[in-house]
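Asks: Mind looking over this structure? Questions follow.
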Amino acid sequence: MDTTLAGGNLTIVKHPLVKHKLTMLRDRRTPKKIFKELVDEIAMLMAYEATADLSLEPVEVQTPLEQAMGWQVSGKKLTLVPILRAGLGMVEGILRLVPSARVGHIGLYRDHDTLEPVDYYFKVPADVTERDFFLLDPMLATGGSAVSAISSLKRVGASRIRLLCLVAAPEGVRRLHAAHPEIQIFCAALDRELNEHGYILPGLGDAGDRLFGTR
Ligand code: PRP
Ligand code: URA
């Protein structure tokens, strides 16, 4: 692992359940159904970490026995933005934790030859400036897709954006830090490198294809 990248704006979620589930996800023998369930579960565990600094406000609550003080998350409007397609696999798990979150979508695919992202869809809630965005994509490889998605979000006025991915490559983290230095990245693993086709090593293969059974 490139330890120079960890810390600062890169948080590697080190929970034992995340490590266990990620190892199952990497396994080439893991079938599509289990792969999908694992992406969903890891996304939920990562969202637990990525929401750890949400601010709270005190609130009164009536228990069956007496009046008590409790807490509620204050005023944040969370928006999940999966990068199509593979980011879709992370949405449901996070919505189970934060059911009131809105969901936007950004459509991007990597051109096979240039590895640069090609834009094909963009839709987010209208009140952009009031919202906190969690950009979702299992893979941060060259970083082109994440950089482009964040630029698109900023262009419409978003400023509070975090990226949640499962596997990141050092190349992608560096490119994202260079283009958008203030953006916080949460990942489950920082892998070794990219191969000549832009795939993460050791990685988990093509996340979209494994989630949706395509090639
Ligand atoms: C994959 C992945 C990311 C992107 C990462 O998507 O889900 O969006 O590649 O690569 P990058 O960091 O080099 O941009 P892909 O383009 O294969 O589209 P898909 O999800 O529709 O399969
Ligand atoms: N996209 C993927 O799905 N996997 C990789 O390893 C790189 C990009």
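Asks: Name the one entry in 167, 103, 147 that is β-branched (Val, Ile, Thr), touching a Pro at 6+ places or on another chain (Cβ under 9 Å) and within 12 Å of ligand 2 (Cβ to nearest atom).
Replies: Details: 103 fails: within 12 Å of ligand 2 (Cβ to nearest atom); 147 fails: within 12 Å of ligand 2 (Cβ to nearest atom).
Result of the check over 167, 103, 147: 167.
Asks: Now for a separate question. Quick check, is residue 119 away from ligand 2 (no atom under 13 Å from the Cβ) and either in contact with a His (Cβ under 6 Å, 6 or more places away or on another chain) or in a strand (DSSP E or B) (or both)?
Replies: Values: away from ligand 2 (no atom under 13 Å from the Cβ): yes; either in contact with a His (Cβ under 6 Å, 6 or more places away or on another chain) or in a strand (DSSP E or B) (or both): yes.
So residue 119 passes the test.
Asks: Would a scan of segment 134-147 turn up a residue that is of a type in the set (Ser, Thr, Tyr), in contact with an Asp or Glu (Cβ under 9 Å, 6 or more places away or on another chain), assigned to a loop (DSSP other than H, G, I, E, B) and closer than 29 Å to residue 24 by Cα? Break it down into steps so the answer makes sense when it comes.
Replies: Applying the first criterion (of a type in the set (Ser, Thr, Tyr)) to segment 134-147 yields 142, 145.
After this cut, where a residue has to be in contact with an Asp or Glu (Cβ under 9 Å, 6 or more places away or on another chain) as well, the list is 142, 145.
Next cut, assigned to a loop (DSSP other than H, G, I, E, B) only: 142.
Those left that are additionally closer than 29 Å to residue 24 by Cα: 142.
Yes, because at least one residue in segment 134-147 is of a type in the set (Ser, Thr, Tyr), in contact with an Asp or Glu (Cβ under 9 Å, 6 or more places away or on another chain), assigned to a loop (DSSP other than H, G, I, E, B) and closer than 29 Å to residue 24 by Cα.
Asks: So for segment 71-80 (the condition being at pLDDT 95 or above and open to solvent by less than 10 Å² (accessible area, probe 1.4 Å)), does at least one residue qualify?
Replies: The answer is yes, given that some residue of segment 71-80 is at pLDDT 95 or above and open to solvent by less than 10 Å² (accessible area, probe 1.4 Å).
Asks: On the given criteria, is residue 171 part of a helix (DSSP H, G or I) and over 16 Å from residue 46 (Cβ atoms)? Steps first, answer last, please.
Replies: Details: part of a helix (DSSP H, G or I): yes; over 16 Å from residue 46 (Cβ atoms): yes.
So residue 171 fits the description; yes.
Asks: Can I ask one more? Mind listing just one residue for me: the one in segment 96-129 that is of a type in the set (Gly, Ala, Ser) and more than 16 Å from ligand 1 (Cβ to nearest atom) and, of those, surrounded by the most Cβ atoms within 10 Å (Cβ to Cβ)?
Replies: Selected residue: 101.
This table checks each residue for (1) closer than 30 Å to residue 209 by Cα; (2) charged (D, E, K, R); (3) touching a residue at least 60 places away in the same chain (Cβ under 8 Å).
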site	(1), (2), (3)
56	no, no, no
80	yes, no, no
84	yes, no, no
89	yes, no, yes
95	yes, no, no
99	yes, no, no
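Asks: Report, by residue number, each residue of segment 130-180 that is among the charged types (D, E, K, R) and crowded, with 22+ Cβ neighbours inside 10 Å. Steps first, please.
Replies: Just the residues of segment 130-180 that are among the charged types (D, E, K, R), to begin with: 130-132, 137, 154-155, 160, 162, 171, 174-175.
Matches in segment 130-180: 131, 137.
Asks: Let me ask something else. Find all pairs meeting these conditions: Cβ atoms under 7 angstrom apart; at least six residues apart or on different chains; first residue within segment 12-35 and touching a residue at least 12 places away in the same chain (Cβ under 8 Å); second residue in a loop (DSSP other than H, G, I, E, B) and open to solvent by 60 Å² or more (accessible area, probe 1.4 Å).
Replies: 26/202
Asks: Pairs please, first residue from segment 127-148 and of a type in the set (Asp, Glu), second anywhere and within 16 Å of ligand 2 (Cβ to nearest atom), Cβ atoms under 6 Å, 6+ apart in sequence or on different chains.
Replies: Final answer for the pair search is 137/83; 137/87; 137/165.
Asks: Out of the residues in segment 185-215 that are basic (Lys, Arg) and open to solvent by 60 Å² or more (accessible area, probe 1.4 Å), which is nearest to ligand 1 (Cβ to nearest atom)? Break it down into steps so the answer makes sense when it comes.
Replies: Pass one, segment 185-215, residues basic (Lys, Arg): 192, 210, 215.
With open to solvent by 60 Å² or more (accessible area, probe 1.4 Å) added as a condition, the list becomes 192, 215.
On the way: 192: 15, 215: 10 Å.
Looking at residues that are basic (Lys, Arg) and open to solvent by 60 Å² or more (accessible area, probe 1.4 Å), I get 215.
The values are calculated or read from the model by the stated rules, or taken from the named source; none is laboratory data. As the structure is a prediction and not an experimental result, all values here were calculated from the model. We place every Cβ from the backbone using ideal geometry, glycine too, and count neighbours over all the protein chains shown. Heavy atoms of the whole protein, side chains included, go into the accessibility calculation; ligands, DNA and RNA do not. Shrake-Rupley method; radii C 1.70, N 1.55, O 1.52, S 1.80 Å.
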